[in-house]
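K.L.:
Right, I'll just put the structure down here and ask away after.
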Amino acid sequence: MSWLRKALVHLALSRSDAALVKASGGEPRTVRGMTLDPKMQFLEYQARLKPVDWSTMTVKALREQTDAGADLFGGGAVGGVRIEKVYVTGRSHSVPARLYLPTVRDNSAAMLVYYHFGGGVIGSLESCHRLCGLIAKEAGAPVLSVDYRLAPEFKFPIGLEDCQAAYLWAVDNAARYGAPVGKAAVGGDSMGGHFSAIIAQEYRRTKPPVLQLLIYPAVDFLSDTPSMHDFADAWPLTAETVDFFMKQYLPENVDPSDPRISPIRTEDLSGLAPALIYTAGFDMLLDQGAQYAERLRDAGVKTSYHSFETLPHGFVAFPSATRAAENAIRKIARETAVALKGQR
């Protein structure tokens, strides 16, 4: 992306809230008593001026758009954090990953394994680059961001298996990076939260994570809650986008109610790792994230829940688009750091 286009986009977003709302239809976008951040309303309005033709959309084109968005809005690197490329050995594949190592360590803070968003189809380490750096710095802990394989080239359960391999690697290697031995936490946004919830369930009796960080997680592929309809047209995650992801990610004849696809449908949630759950207000997945938090609490799992009502799905990838997104990921980083430091 040219520096000029980047400068022009950020110049447009630098206008006052009133000017942005005026340029985006004239009225604040309010649903369920929540009002969308004006900068996000402007970006949503611009996206609607150029609607996606899903009949011709390709995975390659969608990935390119997502990568361009990460470059445009991903924010700067975090100082005091060194980055190292590592490879995690899985069953038959070496999974590339990015390790965030803070200059100032806290040896009581557990290592975090983080999975990016993208419906299992798009996204990259860049979309969560700033958040991972902030968590590493705040916690003084290593953070492993995982470049798991994507569909449709690698359909379910390949991406999940890569994420599992990375988690087990972190448990085995945490001490090498100054973190408590034999422990690790899992976390992610959207599809990354989906993988984290499944891993927390699958390893709860063998190698349980010390924490599950779930940011606007996809935990129910059969969800038909009100938010799936109220925000079906909310940028950037629309009903058409969700359908596109599911068709790419799921093989034929797979049951979407399987707990390894819809972890909210697991009957017994007792004994799971403590959870930090964050949702976005303008998001189809809002209700299922809130419901999963409620189910975990009912099962006796220590759970913290917060909804960023003015933000849309995917805000982790937009810290330089609006101060509200930057503030949100800073809050998430601080609270995750506290939780990671509590694991001794």
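The values are calculated or read from the model by the stated rules, or taken from the named source; none is laboratory data. Not measured: the values here are computed from a predicted model. Cβ placement follows ideal geometry from the backbone for every residue including glycine, while neighbour counts extend to all protein chains displayed. Remember, those area values only see protein heavy atoms, side chains included, never the ligands or the DNA or RNA. Shrake-Rupley method; radii C 1.70, N 1.55, O 1.52, S 1.80 Å.
K.L.:
When you check PHE244 against the structure, is it in contact (Cβ under 8 Å) with a residue 60 or more places away in the chain and open to solvent by 20 Å² or more (accessible area, probe 1.4 Å), yes or no?
P.N.:
yes
K.L.:
Can you tell me how many residues within region 248-265 are open to solvent by less than 20 Å² (accessible area, probe 1.4 Å) and within 17 Å of TYR203 (Cα to Cα)?
P.N.:
Qualifying residue count, region 248-265: 4.
K.L.:
Ok, one more. One residue is enough: does region 195-205 have a residue meeting the conditions free of Cβ contacts under 8 Å to residues at least 12 places away in the same chain and open to solvent by 40 Å² or more (accessible area, probe 1.4 Å)?
P.N.:
Within region 195-205 (the criterion being free of Cβ contacts under 8 Å to residues at least 12 places away in the same chain and open to solvent by 40 Å² or more (accessible area, probe 1.4 Å)), the answer is no, since none of the residues qualifies.
K.L.:
I need the full set of residues from region 124-142 which are open to solvent by 10 Å² or more (accessible area, probe 1.4 Å), over 16 Å from ASP189 (Cβ atoms) and assigned to a loop (DSSP other than H, G, I, E, B), in order please.
P.N.:
none
K.L.:
If we keep just the residues of region 52-68 that are in a loop (DSSP other than H, G, I, E, B) and touching a residue at least 12 places away in the same chain (Cβ under 8 Å), which is farthest from TYR249 (Cα to Cα)?
P.N.:
VAL52
K.L.:
For residues in region 41-85 being of a type in the set (A, V, I, L, M, F, W, C) and closer than 17 Å to GLU326 by Cβ, which is most open to solvent (accessible area, probe 1.4 Å)?
P.N.:
ALA77
K.L.:
Right, VAL113: among the hydrophobic types (A, V, I, L, M, F, W, C) and out of contact with any strand residue (DSSP E or B) (no Cβ under 9 Å at 6 or more places or on another chain) or not?
P.N.:
It is false that VAL113 is among the hydrophobic types (A, V, I, L, M, F, W, C) and out of contact with any strand residue (DSSP E or B) (no Cβ under 9 Å at 6 or more places or on another chain).
K.L.:
Moving on. Filtering region 298-341 down to residues that are aromatic (Phe, Trp, Tyr) and open to solvent by less than 50 Å² (accessible area, probe 1.4 Å), which residue is nearest to the chain's Cα centre (by Cα)?
P.N.:
Among residues in region 298-341 that are aromatic (Phe, Trp, Tyr) and open to solvent by less than 50 Å² (accessible area, probe 1.4 Å), the one nearest to the chain's Cα centre (by Cα) is PHE315.
K.L.:
Please enumerate the residues belonging to region 150-170 that are open to solvent by 10 Å² or more (accessible area, probe 1.4 Å) and more than 16 Å from the chain's Cα centre (by Cα).
P.N.:
PRO152, GLU153, PHE154, LYS155, PHE156, PRO157, ILE158, GLU161, GLN164, ALA165, LEU168, TRP169
K.L.:
Related question: For SER24, state whether it is under 25 Å from PRO312 (Cβ atoms), part of a loop (DSSP other than H, G, I, E, B) and either modelled with pLDDT of 95 or more or open to solvent by less than 30 Å² (accessible area, probe 1.4 Å) (or both).
P.N.:
It is true that SER24 is under 25 Å from PRO312 (Cβ atoms), part of a loop (DSSP other than H, G, I, E, B) and either modelled with pLDDT of 95 or more or open to solvent by less than 30 Å² (accessible area, probe 1.4 Å) (or both).
K.L.:
ARG15: of a type in the set (Lys, Arg), at pLDDT 95 or above, part of a loop (DSSP other than H, G, I, E, B) and surrounded by 15 or more Cβ atoms within 10 Å (Cβ to Cβ), yes or no?
P.N.:
Criteria met by ARG15.
K.L.:
Pick from VAL121, VAL88, VAL104: which is farther than 26 Å from GLN65 by Cα and either open to solvent by 30 Å² or more (accessible area, probe 1.4 Å) or in a loop (DSSP other than H, G, I, E, B) (or both)?
P.N.:
So the residue among VAL121, VAL88, VAL104 that is farther than 26 Å from GLN65 by Cα and either open to solvent by 30 Å² or more (accessible area, probe 1.4 Å) or in a loop (DSSP other than H, G, I, E, B) (or both) is VAL104.
K.L.:
Which residue is least open to solvent (accessible area, probe 1.4 Å), if the candidates are limited to region 173-190 and must be of a type in the set (D, E, K, R) and not in a loop (DSSP other than H, G, I, E, B)?
P.N.:
That would be ASP189.
K.L.:
Something else about it: Of the conditions (1) open to solvent by less than 10 Å² (accessible area, probe 1.4 Å); (2) in contact with a Phe, Trp or Tyr (Cβ under 9 Å, 6 or more places away or on another chain); (3) within 16 Å of LEU237 (Cα to Cα), LEU285 clears all except one; give me its number.
P.N.:
(1)
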